[in-house]
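Below: the structure, in structure tokens.
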Amino acid sequence: MPHLTPVEWALAITAAFAAGLSKGGLAGIGLFHVLVFAFLFGARESTGIVLPLLLAADVCAVTTFKQHARWDYIRRMLPPACVGVILAAALMRVINEVAFKPLIGWTVLGLVALQVIRMRWPDWMGDVPHTRAAVWSIGLVAGAATMLANAAGPVIIIYCLAVGLPKFEVVGTLAWFFFIINAFKVPFSAALGLIRLDTLLLNALLVPAVIAGVFGGRWVLQRLPQRAFEVFLLVFAAVAALRLILG
């Protein structure tokens with residue numbers, strides 16, 4: 001198990017809680033845990049540590065929002081997303097940590113930009129036709145982003161908004177989509193040596209914080225202005241992403 005100082009343990013627990021919050025309805029903070037775990041464990045290694053935590057959160061989210069899922073949209077997005085995962089996994093075999101840190105930084109920074117655009121102009125993709133080309137483009141990007149950085153949430157959120165899904169259908173669709181795609185990623189991460197016994201032991205200690213975050217997400221959402229909360233954490237994510245890019 002990785003050796004962490006008390007401060008680093010506090011950061012890891014906070015990030016695990018934030019990962020749960022992002023699955024519990026506060027999707028705007030979904031990039032927070034990506035950057036924290038990247039700083040604690042390294043950009044590449046952190047993807048294998050985060051993945052089982054996200055799966056635990058996905059199980060809770062699916063249980064809570066399963067009745068709201070739109071399976072027609074899930075079925076459209078899964079094939080290109082799976083291809084994106086495979087392509088990104090192949091890329092991860094040939095790049096080292098030095099190259100991976102700016103790559104994950106640019107990935108996260110791009111997702112921050114997408115999230116900011118969505119907040120400023122919620123309907124900016126509202127006229128995009130439901131074409132195979134559009135679905136495959138978004139799906140490939142989402143699959144690659146989730147394999148490289150566990151951070152495809154904003155991409156899929158934008159797609160769900162573009163096709164006009166209501167709030168709870170967005171949450172339910174995201175829950176099932178990411179449960180399936182994250183489970184699909186497990187063998188690739190294990191083959192890359194990113195999921196090991198020591199990382200699973202760390203996951204076991206952090207899972208309670210994830211579960212608390214999922215169920216706390218609904219409570220927080222009802223009591224805090226979501227827009228202000230998202231803006232603060234998006235700024236944090238952008239600054240942290242630039243630190244990864246610049247080293």
- Each label point is 7 Å from the Cα along the Cα-to-Cβ direction; what then is the distance between the points at Trp106 and Lys167, in nm? 3.7 nm
- Item | Relative contact order computed over the stretch 1-82 (Cα-Cα under 8 Å; 6+ residues apart), in percent | 22 percent
- Compactness of the stretch 6-246 - radius of gyration and Dmax, Cα, Å: 16.4, 51
- Query: How would you rank Lys185, Lys167, going from fewest to most other Cβ atoms within 10 Å of each one's own Cβ?
  - Reply: Lys167, Lys185
- Query: Between Leu246 and Asp198, 0.36 nm times their residue separation minus their Cα-Cα distance comes to what?
  - Reply: 14.3 nm
- Note on the structure: Taking r as the C-beta separation of Ile95 and Ala191 and R0 as 25 Å, the FRET efficiency to the nearest 0.05 is 0.95
- Message: Could you check the spin-label model distance between Thr131 and Lys66? Points 7 Å from the Cα along Cα→Cβ, value in nm.
- Response: 3.8 nm
- Counting helices only, and only those DSSP H runs with n ≥ 4, report the 222 nm mean residue ellipticity of the chain as the sum of -39,500 (n - 2.57) divided by its residues, in deg cm²/dmol to the nearest 500. -27000 deg cm²/dmol
- Glu8-Val220 FRET efficiency (beta carbon distance; Förster radius 25 Å; 0.05 resolution): 0.55
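In the chain, which whole DSSP H runs stretch at least 18 Å along their own axis (Cα) and average -1.0 or higher on the Kyte-Doolittle scale? If you can, show how the numbers build up before the last one.
Details: long enough: 6-23 (26 Å, 1.01); 43-65 (31 Å, 1.23); 71-92 (31 Å, 1.09); 97-120 (34 Å, 1.06); 132-149 (25 Å, 1.42); 167-191 (37 Å, 1.21); 197-221 (35 Å, 1.61); 226-246 (30 Å, 1.79).
For the chain, where a helix must reach 18 Å along its axis and average at least -1.0, the hits are 6-23, 43-65, 71-92, 97-120, 132-149, 167-191, 197-221, 226-246.
Only the coordinates and a few stated rules stand behind these numbers; no lab work does. Here the structure is a predicted model, which is why all the values come from computation and not from measurement. Heads up, the Cβs are rebuilt from the backbone with ideal geometry, glycines too, and the neighbour counts pull from every protein chain shown.
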